[in-house]
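To keep things clear, I will list the structure first and then write my remarks on it.
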Amino acid sequence: MGERLIELKEVKKSYGSVFAVGGVNMHVDRGEVVGLIGDNGAGKSTLIKILSGVVRPTTGEILVRGAVAQGWSAGKSRAAGIETVFQDRALAVQQTIVRNIFMGREITTVFGMLDVEKQRSEAERLMREIGFTSKVFSPDSIVGQLSGGERQGVAIARAIYNKADLIILDEPTTALSLTETEKVFRFVRNVRESGRSILFIGHNIHHVFDIAERFIVLDRGRVALEITKDAVKSADRLIAFMEHVAHPNGPNPLADVLAQNGAA
Ligand SMILES: Nc1ncnc2c1ncn2[C@@H]1O[C@H](COP(=O)(O)OP(=O)(O)OP(=O)(O)O)[C@@H](O)[C@H]1O
Ligand SMILES: [Mg+2]
């Protein structure tokens with residue numbers, strides 16, 4: 001596996017007496033797609049806000065490429081190559097694809113003017129790179145006219161332009177049809193092919209199972225399971241495990257795997 005991009009050690013976040021995240025150890029390596037799953041309120045959003053520097057952990061360490069990060073912030077997270085596509089707030093839908101990709105980081109000429117042509121060709125290159133195949137749309141298309149999956153693609157293209165090594169996608173397929181979900185999966189696979197990493201948050205275990213190679217299951221702020229796709233073998237087994245965590249009655253459906261791995 002590739003370089004350890006980011007690692008959390010015993011990270012906790014409390015709001016008053018409530019622990020949204022209660023002592024999490026996790027990591028993402030270069031070039032892997034990790035699925036982050038868990039029921040409502042499990043702490044998924046809080047965890048990605050910590051990774052993206054929007055929320056400061058109450059205690060715990062954040063390591064970036066093996067080194068402990070000091071004064072972790074949104075700026076430091078971006079500088080470290082972490083880009084988060086937050087649900088809903090991702091794009092300016094009245095604007096063009098180009099405007100959305102370069103917003104706040106426009107390409108300018110040596111005279112400080114907006115380099116419209118350069119931005120357009122760069123947008124085209126990025127869209128091709130992530131796997132945009134629609135011939136109907138150009139970089140000048142209005143984002144509001146794109147389908148849901150394609151909008152995720154624009155947000156991903158922007159993250160790549162911002163030199164992301166890790167792209168965090170918060171529920172990117174939740175509101176999407178099967179066809180649109182497939183588009184997002186194609187973008188994710190292309191991003192992975194280019195050596196970048198993806199942290200994919202989702203409710204639909206079948207979706208997450210399809211796209212990720214490793215899974216982290218959160219339960220009430222803690223990591224209930226960390227397992228590879230090879231080990232868990234099927235989405236149904238992962239779902240059975242999650243049911244077991246929520247309503248622990250009877251044997252753990254993954255007891256065989258966990259015994260082999262010596263982990264809980
Ligand atoms: N700003 C906050 N103030 C107080 N409590 C919070 C805050 N943010 C999150 N929490 C609490 O922390 C817990 C974890 O919330 P979080 O949003 O991280 O869960 P989630 O896994 O993203 O859930 P969902 O699937 O519903 O999006 C919840 O009990 C939530 O109410
Ligand atoms: Mg959430």
Quiz item: Of all residues in the stretch 12-21 being surrounded by 16 or more Cβ atoms within 10 Å (Cβ to Cβ) and either modelled with pLDDT of 95 or more or in a loop (DSSP other than H, G, I, E, B) (or both), which is nearest to ligand 2 (Cβ to nearest atom)?
Solution: 20
Exercise. Please identify the pairs in which a residue from the stretch 20-33 that is free of Cβ contacts under 8 Å to residues at least 60 places away in the same chain has its Cβ atom under 7 Å from the Cβ atom of a residue that is among the hydrophobic types (A, V, I, L, M, F, W, C) and not in a loop (DSSP other than H, G, I, E, B), counting only partners at least 6 apart or on another chain.
Key: 27/6
Quiz prompt | For residue 99: the one exception among (1) more than 16 Å from ligand 2 (Cβ to nearest atom); (2) under 29 Å from residue 204 (Cβ atoms); (3) not in a loop (DSSP other than H, G, I, E, B) | solution = (2)
Quiz item: Only one residue in 116, 85 is at pLDDT below 95, out of contact with any Asp or Glu (no Cβ under 6 Å at 6 or more places or on another chain) and either surrounded by 16 or more Cβ atoms within 10 Å (Cβ to Cβ) or of a type in the set (Phe, Trp, Tyr) (or both), so which one is that?
Solution: 85
Exercise. Considering only residues that are away from ligand 2 (no atom under 15 Å from the Cβ) and among the hydrophobic types (A, V, I, L, M, F, W, C), look in the stretch 25-59 and name the one that is nearest to residue 218 (Cα to Cα).
Key: 26
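Output the residue which, of all residues in the stretch 1-45 that are within 12 Å of ligand 1 (Cβ to nearest atom) and among the polar types (S, T, N, Q), is farthest from residue 162 (Cα to Cα).
Ranking the candidates gives 17 first.
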Quiz item: When residues of the stretch 10-34 are filtered for being hydrophobic (A, V, I, L, M, F, W, C) and over 14 Å from residue 48 (Cα atoms), how many remain?
Solution: 3
Exercise. Specify the residue that is nearest to residue 2 (Cα to Cα); the eligible residues are those in the stretch 44-76 that are assigned to a helix (DSSP H, G or I) and not small (Gly, Ala, Ser).
Key: 51
Self-check item: Within the stretch 144-183, tally of residues that are more than 12 Å from the chain's Cα centre (by Cα) and of a type in the set (Val, Ile, Thr)
Solution: 5
Exercise. Can you work out which of the residues in the stretch 62-82 that are surrounded by fewer than 16 Cβ atoms within 10 Å (Cβ to Cβ) and of a type in the set (A, V, I, L, M, F, W, C) is nearest to ligand 1 (Cβ to nearest atom)?
Key: 74
Self-check item: Of all residues in the stretch 46-61 being crowded, with 20+ Cβ neighbours inside 10 Å and under 17 Å from the mean Cα position of the chain (by Cα), the one that is farthest from ligand 1 (Cβ to nearest atom)
Solution: 53
Quiz item: Taking only pairs six or more apart or across chains, which ones have beta-carbon atoms under 6 Å, a first residue in the stretch 41-52 that is at positive phi, and a second residue that is more than 6 Å from ligand 1 (Cβ to nearest atom)?
Solution: 43/21; 43/218; 43/221
Exercise. Hand me the list of strands (runs of 3 or more DSSP E) wholly inside the stretch 122-229 holding 1 or more residues that are in contact (Cβ under 8 Å) with a residue 12 or more places away in the chain and of a type in the set (S, T, N, Q).
Key: 197-201, 222-228
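Per-residue answers, yes or no, for (1) buried (at least 18 other Cβ atoms within 10 Å of the Cβ); (2) among the aromatic types (Phe, Trp, Tyr); (3) touching a helix residue (DSSP H, G or I) at 6+ places or on another chain (Cβ under 9 Å):
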{"residue": "213", "(1), (2), (3)": "no, no, yes"}
{"residue": "217", "(1), (2), (3)": "yes, no, yes"}
{"residue": "225", "(1), (2), (3)": "yes, no, yes"}
{"residue": "230", "(1), (2), (3)": "no, no, no"}
{"residue": "251", "(1), (2), (3)": "no, no, yes"}
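The values are calculated or read from the model by the stated rules, or taken from the named source; none is laboratory data. Quick caveat, the model's predicted, so the values are computed rather than measured. Every residue, glycine among them, receives a Cβ derived from its backbone with ideal geometry; neighbour counts consider all protein chains shown.
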